[in-house]
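Here the structure comes first, spelled out in structure tokens, and everything after it is commentary.
The values are calculated or read from the model by the stated rules, or taken from the named source; none is laboratory data. Model, not experiment: these values are computed from the prediction. FYI the Cβ positions are ideal-geometry reconstructions off the backbone, even for glycines, and counts take in every protein chain you see.
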């Protein structure tokens, strides 16, 4: 990189973890930050200069310190990038490729650089690609429609005909299909958002997949495909590299969008959500809408019942796993735990694999927020944090449970209970429709704050329907203004992490439901038992005790008929869903 930077007369070069679609999860061909620095997290900005640094957020501090080679860690709360470069560089020219930065970020950073006397230099292609000699090729796999998949069939195959209506407490009956609207109905709703003289450009892969009811497998853990979508009042153009045919949708080659198509657009341009700066810079008078992301976040009856089935199956698999760990921990390591969970899920019809790499952190590794399961052996008197998710054809899951092998310390039980109290407060209350994600985030932290404790990640995020496990809106993080609306599905996942000792996180998905008079309540849809002996009952109020008992009753009611009575798994379920009394 030094030779390239000299050749182009720049003092620094900025590389971001991401692809042209600003995806959170990326393919191997886009892992430029990993190639430069060794860092494998999903959020990193590498600044290559005389004293190279990598910026990331609190989820990855410990991980970055372990992985970085030749780059120094800069925390997101440390010196801002423009200030760091202003104090470091002699050559004030700073390069980047705008294809991998959002138009919003590009505009902001350009203004900040200018105030510091730094010149932002744009490159059409990323300079890293010139030195990455063994860079993998981008993979384009098959694209398929999910419109004709039968939700009834998946219920029947997994639970049996006799149970079709026993475990559907959310809606009145099981919809026939896995999606509530066909793609033509969705396109009609989207076209109502633009004018006759406007062209809508969508580059976010999950939104394109949602809108057209298509799925793919181009990026690990995400059933999406590389594409661009262009919509006018009369036309719809899809740019892909795989064969697909949709009525009233014109199919183009993926590369043609950036190579030629965007240069012949004459209408006013509207962007949905984020789009990269290479594209947005071509349309300086564009407008941006978030309405489609909001439509995507509102789940219909088919999606809700699909999530419900997904969590019955995940609940069975995770209960089996937790008992298996309890009985066999002496012969297990973290990777074996993750593999065993995938084995338990693989028997289910419609299971397409994990929705992210399973986090199985034992001992001090449980304090690493986004940890990749390794070879650490499980031992007695050790915490185990398991954060896992599934992609079923009918729904996506994301669940975290913190376990403890042996006898936990009083301090561990105290911290576990503080985290639990925060989850219950945000999960079991009544809130006005449109309550902000920031308010819900704060509610999860109140008990931790009283003990001068906190955690660095968001309290929750939306989840896609057989899509990306992280979907927005809504997002629950400090100062988030995202309005939570009825029929959204999102996580509530407070935590606490004691570096070098242990980490605690508890995560459930909930469905927001309108209860009238402008208010909502959140229905738990995560049928996974808590390890009840980690709770310090004296720290719970009577209301909180009722709440955890109510959750346990529902978990047992849903799961018990699918677990053989008298088995060790059944005993584990009964033990960890029993009524708690002070």
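Overview of results
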item	result
Options 170, 201: the member that is within 22 Å of residue 240 (Cα to Cα), surrounded by 14 or more Cβ atoms within 10 Å (Cβ to Cβ) and in contact (Cβ under 8 Å) with a residue 12 or more places away in the chain	201
Single residue of the stretch 255-282 satisfying the filter (under 31 Å from the mean Cα position of the chain (by Cα) and part of a loop (DSSP other than H, G, I, E, B)) that is surrounded by the most Cβ atoms within 10 Å (Cβ to Cβ)	275
Criterion (surrounded by fewer than 19 Cβ atoms within 10 Å (Cβ to Cβ) and either touching a residue at least 40 places away in the same chain (Cβ under 8 Å) or outside any loop (DSSP other than H, G, I, E, B) (or both)) met by exactly one of 19, 3	3
Residues of the stretch 166-204 that turn out to be touching a strand residue (DSSP E or B) at 6+ places or on another chain (Cβ under 8 Å) and not in a strand (DSSP E or B), as a count	13
Residue count, the stretch 237-254 (criterion: within 27 Å of the chain's Cα centre (by Cα) and in a strand (DSSP E or B))	3
Test: residue in the stretch 409-423 that is touching a strand residue (DSSP E or B) at 6+ places or on another chain (Cβ under 8 Å) and within 30 Å of residue 304 (Cβ to Cβ)	yes
Meets criteria (surrounded by fewer than 18 Cβ atoms within 10 Å (Cβ to Cβ) and touching a strand residue (DSSP E or B) at 6+ places or on another chain (Cβ under 9 Å)) for residue 207	no
Residue within the stretch 444-451 that is assigned by TED's automatic domain parsing to the domain that holds residue 389, buried (at least 22 other Cβ atoms within 10 Å of the Cβ), in a helix (DSSP H, G or I) and touching a helix residue (DSSP H, G or I) at 6+ places or on another chain (Cβ under 8 Å) present	yes
Any hit, the stretch 337-349, residues being part of a loop (DSSP other than H, G, I, E, B) and either in contact with a helix residue (DSSP H, G or I) (Cβ under 7 Å, 6 or more places away or on another chain) or closer than 19 Å to residue 25 by Cβ (or both)	yes
Some residue of the stretch 529-548 being in a helix (DSSP H, G or I) and within 23 Å of residue 308 (Cβ to Cβ)	yes
Selected residue [in contact (Cβ under 8 Å) with a residue 24 or more places away in the chain, more than 17 Å from the chain's Cα centre (by Cα) and surrounded by fewer than 20 Cβ atoms within 10 Å (Cβ to Cβ)] from 343, 379, 411, 372	379
Any chance residue 499 is buried (at least 23 other Cβ atoms within 10 Å of the Cβ), in contact with a helix residue (DSSP H, G or I) (Cβ under 9 Å, 6 or more places away or on another chain) and more than 23 Å from residue 529 (Cα to Cα)	no
